Amino acid sequence: MSVNWKNGMKIASIILSFFSFFAKSNSEPALISSLDSLRLGNNRFASELPAHPNQSKGRRFETAIEGQKPFATVLSCSDSRVPAEIIFDCGIGDIFTVRVAGNVAGDDEIASIEFGVGNLHTPVLVVLGHTKCGAVTSAVNGDNIEGLMHGLIQKIIPAVNKAKKANPKLHGDDLIYEAIKSNVYQSISDILKQSEEVRNLVKTGKLQVIGAIYDIKTGNIEWLGNHPDESNLVKLTTTEEKSKEQKREGPFFANKNLMFMAIFVVVCALLSGGVIFLFLNYIPRKKKEDIAEDKQKEPSEKNETKE
Ligand SMILES: [Zn+2]
């Protein structure tokens with residue numbers, strides 16, 4: 001009975017999502033959030049009730065003439081079993097997708113993400129890992145990968161080490177799953193650390209960065225939510241804040257390293273000056289005193305020899 005009730009609710013939510021999605025596609029403002037659109041789209045896909053929205057000739061013409069206005073940016077793996085538009089039941093112009101093996105976040109990926117969230121103003125960024133990810137599995141197994149792929153796998157290794165440390169008793173598929181999750185969080189962390197633009201958008205509430213894992217067998221997505229350390233990651237000082245700080249404190253003292261270096265140079269200069277002063281004054285005076293002493297001694301020595 002409870003199963004039927006749950007199924008009924010799921011079907012009702014899917015039916016609602018049809019109306020909501022089309023309402024979102026054709027009118028402003030949106031009735032549901034971007035994240036809800038992704039959730040509902042995935043529910044439709046996984047339940048084998050896809051709407052295949054925005055895939056018509058009209059949509060092609062509309063986006064070609066008016067430009068793209070995607071409602072989400074997604075960083076996901078290049079794996080052919082993880083096509084973002086299909087698994088989120090979306091269409092043309094709906095998702096700004098960045099795909100790379102292992103959903104790693106290097107410079108080029110982050111630059112693309114900045115375009116999605118900064119220029120196209122998508123209010124949500126999803127970093128999407130997936131089950132049975134080959135890149136993460138290779139990193140867990142320590143496979144000897146040659147060529148440029150070697151460098152990419154190296155980017156996943158820290159996430160694997162973190163997963164191993166946090167789950168010392170896990171092996172095989174269980175460990176790989178934890179490494180996939182850890183790798184999603186690592187990519188989010190890399191994005192937030194590297195991109196001042198993304199940090200600012202998160203800080204000002206204009207962007208949500210969400211982790212997720214797609215199950216390639218069931219079609220369902222496990223939503224991980226925000227990075228556990230997001231509040232600290234977005235605290236990293238931005239260039240804008242640095243310049244404000246400099247204006248407030250003066251350009252010189254705002255840079256503490258520069259200030260300490262200057263103090264160090266001044267102390268060294270004073271010490272050196274002191275040493276030079278001693279050499280120039282004390283040693284010649286000492287010599288003069290020695291010479292005078294010798295001169296005083298000389299007559300008495302002469303007297304001694306006479307005697
Ligand atoms: Zn993968």
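Derivation of every value follows stated rules applied to the coordinates shown; laboratory data play no part. As the structure is a computational prediction, the values presented were derived from the model and not from experiment. Cβ: placed from backbone, ideal geometry, glycine included. Neighbour counts: every protein chain shown.
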- Query: Tell me, Kirkwood radius of the range 38-121 from alpha-carbon pair distances, in Å?
  - Reply: 13.6
- Extent along principal axes [Cα atoms of the range 131-203; Å; largest to smallest]: 39, 31, 20
- Message: If Rh is defined by the Kirkwood formula over all Cα pairs and Rg also comes from Cα, what ratio Rg/Rh do you get for the range 99-159?
- Response: 1.05
- Given a Förster radius of 41 Å and the C-beta distance between residue 120 and residue 141 as r, what FRET efficiency does 1/(1 + (r/R0)^6) yield to the nearest 0.05? 0.60
- Task: Determine, at each q value in 0.19, 0.24, 0.26 (inverse angstroms), the log₁₀ of I(q)/I(0) that the Debye formula gives when each Cα of the range 151-239 is one equal point scatterer.
- Result: -0.94, -1.20, -1.27
- Given the peptides 217-229, 33-45, arrange them by the average over their residues of other C-beta atoms within 10 Å, most packed first. 33-45, 217-229
- Message: Placing unit charges on C-beta atoms (Lys and Arg positive, Asp and Glu negative, everything else neutral), compute the dipole magnitude of the range 2-236 about its Cα centre in debye, rounded to 20.
- Response: 480
- Can you pull the one-decimal nm distance between simple spin-label points at residue 62 and residue 267, each 7 Å off the Cα toward Cβ? 6.8
- Query: Ordered by packing density, taken as the mean number of other Cβ atoms within 10 Å over each peptide's residues, highest first, how do 50-59, 207-216 rank?
  - Reply: 207-216, 50-59
- Task: Would you pull out the residues with amide H under 5 Å of residue 126's amide H, same chain only if 5 or more places away, H placed 1.01 Å from N?
- Result: 73, 74, 75, 210
- Note on the structure: Cα-based Rg and Dmax for the range 2-236, in Å, come out at 18.2, 56
- With N residues in the range 85-219, Rg(alpha-carbon) / (2.2 N^0.38 Å) equals 1.08
- Task: Starting at the first residue of the range 182-193, write each ³J(HN,Hα) from the Karplus equation 6.51 cos²θ - 1.76 cosθ + 1.60 with θ = phi - 60°, in whole Hz, x for Gly and Pro.
- Result: 4, 5, 5, 5, 5, 4, 4, 4, 4, 4, 5, 6
- Note on the structure: Treating only Lys and Arg (+1) and Asp and Glu (-1) as charged, each at its beta carbon, one finds that the range 57-118 has a dipole about its Cα centre, in Debye to the nearest 20, of 300
- Item | Whole-Hz ³J(HN,Hα) from phi, Karplus 6.51 cos²θ - 1.76 cosθ + 1.60, for the range 156-171, glycine and proline x | 8, 3, x, 5, 5, 4, 5, 5, 5, 5, 6, 10, x, 8, 7, 9
